[in-house]
Amino acid sequence: MVIRRKRSWELPQSAVTSEATYLARRSLLKAMGLGGGALMAGASLGHPGIAGADTMEDPSAALYPAQHNDAYTPGDGRTLTDFDKATRYNNFYEFGTDKSIWRDAQKGLKTRPWQVEIAGEVDKPLTLDIDDLLKKMPLEERVYRHRCVEAWSMCVPWTGFQLSHLVELAKPLSSAKFVKMTTFNDPEMGPGLRQFWYPWPYVEGLTMAEATNELTFMVTGLYGKPLPAQNGAPLRLATPWKYGFKSIKSIVKFEFVSKQPMNFWQELQAQEYGFWANVNPDVPHPRWSQAQERDLQTGDSIPTRIYNGYGDTVASLYSGLNLPDTVLFR
Ligand code: MTE
């Protein structure tokens, strides 16, 4: 007999206060035969205008909303972060360094046509159009917590697919030990890319074991509709047990490599940011504590949990590495 152990981050849907409301609205719309199109218009969900105009033209719109996966529901009675808050308080340095870049991202980022390159140590390198890639991938919706290294956090329903499916498609060779991901690097779209003191393009990396972990999610949508530009359309990463800077946005390239890649923040400030970036309240950032986080929705200061509460699923990835905490958690 298989006994399925409930993991620490799996709590009943009812524990996530406003998610229930979100899902109830969604089923109601579905029952009314309105489906994704009505959600896109946003009015019924109270998402005023934002992302409405640009996502209306998104050719992937019919894929939303995707099936919700109940297995990924955060614990701690966390309240869902409102759509408006999650889409108007962003980090996307390609568009500027303040949190209010959403309008500039929506104006500047052209998400079609969008090519995704799969390169490096793979059987056959290939380049795919984003819409062809989306059709090949099993889209689903998961609610994840997101903890930024700046000590704020949110909790939102992402739509996307496990990175493991893209790894399967890529057929990496045994020499591939890491996946390196790269963001677009066109200053016509993202004027922040002209700030020459940053080590552009934005790059991130994962080990193959991390990339194929069940939690590692390629995000294509948010709140049951295509991802708004400011959140990293058309394709961004979510690794909820790591600090948010690992969640690279607007990816154009997946490269399978044999050496650990340097990421953007590490390149910029290696004493403060590392490759692993696993969340740990006991390892402070050199300039501030990581013990607490500010919930974007409620404004409350809440205790941060090791691996952001996802340790049951990911701690084993690191148990044999014998790395000091300041390396594993920074
Ligand atoms: N990806 C790119 N390309 N550029 C960025 O500036 N910022 C990172 C990450 N991904 C960033 C990026 C940081 S620091 C965080 S916290 C998250 O995106 C923020 O995601 P959100 O704006 O959707 O909350």
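For this structure, a couple of remarks:
- Residue order, fewest to most surrounding Cβ atoms within 10 angstrom, among 212, 182: 212, 182
- Across all directions, the average projected area of the convex hull around the alpha carbons of the range 187-275 is 6.7 nm².
- Sparse packing (at most 13 other Cβ atoms within 10 Å of the Cβ) combined with a DSSP loop state is found for the following GluC sites (Glu not before Pro) in the range 230-330: 272.
- In this simple spin-label model, placing a label point 7 Å from the Cα along the Cα-to-Cβ direction at both residue 173 and residue 129 gives a separation of 3.0 nm.
- Loop-located chymotrypsin sites (Phe, Trp or Tyr not before Pro) in the range 171-224, at most 15 other Cβ atoms within 10 Å (DSSP): 196, 197
- Paramagnetic reach from residue 326 (point 7 Å along Cα→Cβ, amide N under 13 Å) across the range 273-309: 273-274, 283-287
- The range 198-238 and the range 94-138 have Cα centres spaced 9 Å apart.
- Counting other Cβ atoms within 10 Å as a rough exposure proxy, the listed residues 117, 57 run 57, 117 from fewest neighbours to most.
- Two-site label geometry, residue 69 and residue 84: point separation in nm, points 7 Å out along Cα→Cβ: 3.1 nm
- Estimated D of the range 122-270 in µm² per second, where Rh is the Kirkwood radius over Cα pairs and Stokes-Einstein applies at 25 °C, 0.890 mPa s: 155 µm²/s
- As a rough footprinting exposure proxy, the listed residues 167, 257 were ranked by other beta carbons within 10 Å of their own, and the order from fewest upward is 257, 167.
- Compactness of the range 49-313 as Cα Rg over 2.2 N^0.38 Å, two decimals: 0.94
- Relative packing of 281-287, 118-124, which averages over residues the other C-beta atoms within 10 Å, highest first: 118-124, 281-287
Where a number appears in this text, it was derived from the coordinates with a stated rule and is not lab data. In this text, all values refer to a predicted model and were calculated from it rather than measured experimentally. Cβ coordinates were reconstructed from backbone atoms using ideal geometry, including for glycine residues, and neighbour counts include every protein chain displayed.
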